[in-house]
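Presented below is the structure to which this report refers.
We did not get these values from a lab; they are worked out from the coordinates using the rules stated. Keep in mind it's a predicted model, so treat the numbers as computed, not measured. Neighbour counts run over all protein chains shown; Cβ positions are idealised from the backbone, glycine included.
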Amino acid sequence: MTDQTHIHDHTTERALWPAIWKGFRGKCPKCGSGPILKSYLKLRPSCTVCREDLSHARADDGPAYLTILIVGHIMAPALHVAFTTFRPEPLVLFTIFSIGCVALSLYLLPRLKGAIVGFQWARLMHGFSQET
């Protein structure tokens, strides 16, 4: 039998929360200066400042799921409170909350993609290595 035990050195771990915060701000998780997105959701292949390779990141559907989760947990209770407290006309309620959901979703989606890339970088996932 082969020994497949991996030694995990906790002294070389990357800081998780700073990397997530840098990614949420749309910055490189390593240096915090270079932008990681070159358009609304298109990830740059590498950081323009520190040259960190970002091509390994695989956010896939994660940002969309998190966006739906957050928007739903904010807007559903707000919809209930607005309806029971103010009793607006249905069309007014629909218009306000539709615009709110779309605006919040468009705001959160690229930021959550950056946060997921920062998480993957900090945890050395999907090809992010310790050497870079």
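Near residue 33: Cβ cut-off under 12 Å, other residues only, Lys/Arg at +1 and Asp/Glu at -1. The net charge is +4.
The gain in end-to-end length when the residue 87 to residue 69 segment is fully stretched comes to 3.9 nm, 0.36 nm per residue minus the alpha carbon separation.
Residues whose amide H lies under 5 Å from that of residue 37, counting only those 5 or more places away or on a different chain, are 44; hydrogens are built 1.01 Å from N in the peptide plane. Among the DSSP helices (H) of the chain, those spanning at least 18 angstrom by Cα along their long axis with an average Kyte-Doolittle hydropathy of 0.5 or more are 62-86, 90-122; this is a geometric and hydropathy rule only.
The slack between residue 21 and residue 123, meaning 0.36 nm per residue of separation minus the straight C-alpha distance, is 35.3 nm. A simple charge model with +1 on the Cβ of Lys and Arg, -1 on the Cβ of Asp and Glu and nothing else charged puts the dipole of the chain at about 500 debye relative to its Cα centre. When the trypsin sites (Lys or Arg not before Pro) in the stretch 85-132 are filtered for DSSP coil states and for at most 10 other beta-carbon atoms within 10 Å of their beta-carbon, no site remains.
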